[in-house]
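Data block below; observations after.
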Amino acid sequence: MLKGKTVLLCVTGSIAAYKIAYLASALKKLRADVHVIMTENATNFINPITFETLTGNKCLVDTFDRNFEFSVEHVSLAKLADVVLVAPASANVIAKLAHGLADDMLTTTVLACTCKKIISPAMNTRMFENPITQDNLRICERYGMEVISPASGYLACGDTGAGKMPEPEVLLQYILKEIRYEKDLAGKKILVTAGPTREAIDPVRYITNHSTGKMGYAIAKTAAYRGAQVTLVTGPAEEKPPMFVDLVPVESAKEMFEAVTARSAGQDAIIKAAAVADYRPKFVNTEKTKKKDGDMAIQLERTDDILKWLGEHKKEGQFLCGFSMETEHMLENSRAKLEKKKLDMIVANNLKVDGAGFGTDTNVVTLITREKETELPKMSKEDVAGRILDAVFGMERKEPEDF
């Protein structure tokens, strides 16, 4: 996934330094070339040998180490790096980076780098909230560095508050956002819907479906990583929402209709991957419905048709993509939906096909437009998301090759 990419991890003196070992391991599993630089203080928390074992590269600490692999190490690494992450970033190193001070291997290398630099502060709450530290962080941002907001919680010093370094998985997402894809969707605004809706019967029960949100979340995540400004309107899905999107949580089909229609204008593309209920109870009991002898019937009414409304109100130049999950006559039913809802494209899949449907990590889809049908083989939902976005914006296949 990251073959050919060089990631430079810069570790400073913080108790959170040990967590970067997990990040280095995760990056290596994604085929990245990982290099680690540590400050002298960082070696008090984790041994450089740990990083050397995980990355297969020498862990650098001393600016004047004579046993080096490159002629001028800090310049050589700076040229190689596709992204730099300083994590955990102490207040001291943040101050140096803000003011261009370079007195060790870490700061000299970061100063020489021209690639994207990401900083993850980790320190005592009072140190983090100190106006001097906050000014230094703003200076770093002004120079194009990205600052990750620290998490809040119980700190090693015993205080509770902001200052915790986020978990390695969060740091990994920032790195992936920077180097996983080309930013070929920069400047585009995309609205994605995902997940199921829940239609209340009473305060306890509701009608829903088996959608987990995986496909819609994969589209939103991939679009954001490719540089788009993404709005994700999601029902109560089982998946953790992707980062770097404008998240709009909703519950019912009516709430989703209102959220989507209110935000549809100005979008370059709308991709409706949500499994929206077609019907809802006509009457919602205010109290829990008690069990009685005999059968019970629930009177249903149609929900608002979001795709139909979008097709009727589509702005000039806007691309509208819908989804069609079928169990029979997939192509015929999907083509009819494409025409009826005035869509530009519909993504069709058959629930009965192996590798397709709800809750799976893969999908098997056919992309249908008025001009052609493109049948895709079984692939990961992230790869399907990439192919959908390519089709929406008329691009060649863009997702990186998995080795």
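The values are calculated or read from the model by the stated rules, or taken from the named source; none is laboratory data. In this text the structure is predicted, and so the values were computed from the model without any measurement. Because the Cβ atoms are built from the backbone with ideal geometry, glycine has one as well, and the counts that use them run over all protein chains shown.
So Ala98 passes all but one of these: (1) touching a Cys at 6+ places or on another chain (Cβ under 8 Å); (2) within 30 Å of Thr261 (Cα to Cα). Which condition number does it fail?
Just one mismatch for Ala98, condition (2).
Which one of these does Tyr217 not meet: (1) of a type in the set (Phe, Trp, Tyr); (2) assigned by TED's automatic domain parsing to the domain that holds Arg31; (3) within 30 Å of Gln267 (Cα to Cα)?
Here Tyr217 clears every test but (2).
From the list Lys315, Lys290, pick out the single residue that is touching a residue at least 40 places away in the same chain (Cβ under 8 Å) and either over 28 Å from Lys240 (Cβ atoms) or assigned to a helix (DSSP H, G or I) (or both). Explain how you work it out, then say what you get.
Details: Lys290 fails: touching a residue at least 40 places away in the same chain (Cβ under 8 Å).
Only one candidate qualifies: Lys315.
Here are some residues: Leu351, Leu343. Which one is within 26 Å of Phe257 (Cβ to Cβ), crowded, with 20+ Cβ neighbours inside 10 Å, touching a residue at least 12 places away in the same chain (Cβ under 8 Å) and in the same structural domain as Asp202 (by TED's automatic domain parsing)? Break it down into steps so the answer makes sense when it comes.
On the way: Leu351 fails: crowded, with 20+ Cβ neighbours inside 10 Å.
After applying the criteria, what remains is Leu343.
Would you pick out the residues in the range 275-290 that are buried (at least 17 other Cβ atoms within 10 Å of the Cβ) and in contact with a Pro (Cβ under 9 Å, 6 or more places away or on another chain)? Let's see the steps before the verdict.
Filtering the range 275-290 for residues buried (at least 17 other Cβ atoms within 10 Å of the Cβ) gives 275-277, 280-281.
The answer is Ala275, Val276, Ala277.
Can Glu328 be described as assigned by TED's automatic domain parsing to the domain that holds Leu232 and part of a loop (DSSP other than H, G, I, E, B)? Walk me through it before giving the result.
On the way: assigned by TED's automatic domain parsing to the domain that holds Leu232: yes; part of a loop (DSSP other than H, G, I, E, B): yes.
Taking the combined requirement at face value, the residue satisfies it.
Among the residues of the range 301-308, is any surrounded by 12 or more Cβ atoms within 10 Å (Cβ to Cβ), in contact (Cβ under 8 Å) with a residue 40 or more places away in the chain and among the acidic types (Asp, Glu)?
Initially, the range 301-308 is screened for residues surrounded by 12 or more Cβ atoms within 10 Å (Cβ to Cβ), giving 303-308.
Add one more test, that the residue is in contact (Cβ under 8 Å) with a residue 40 or more places away in the chain, and what stays is 303-304, 306.
Narrowing further to those that are among the acidic types (Asp, Glu): 304.
Yes, some residue in the range 301-308 is surrounded by 12 or more Cβ atoms within 10 Å (Cβ to Cβ), in contact (Cβ under 8 Å) with a residue 40 or more places away in the chain and among the acidic types (Asp, Glu).
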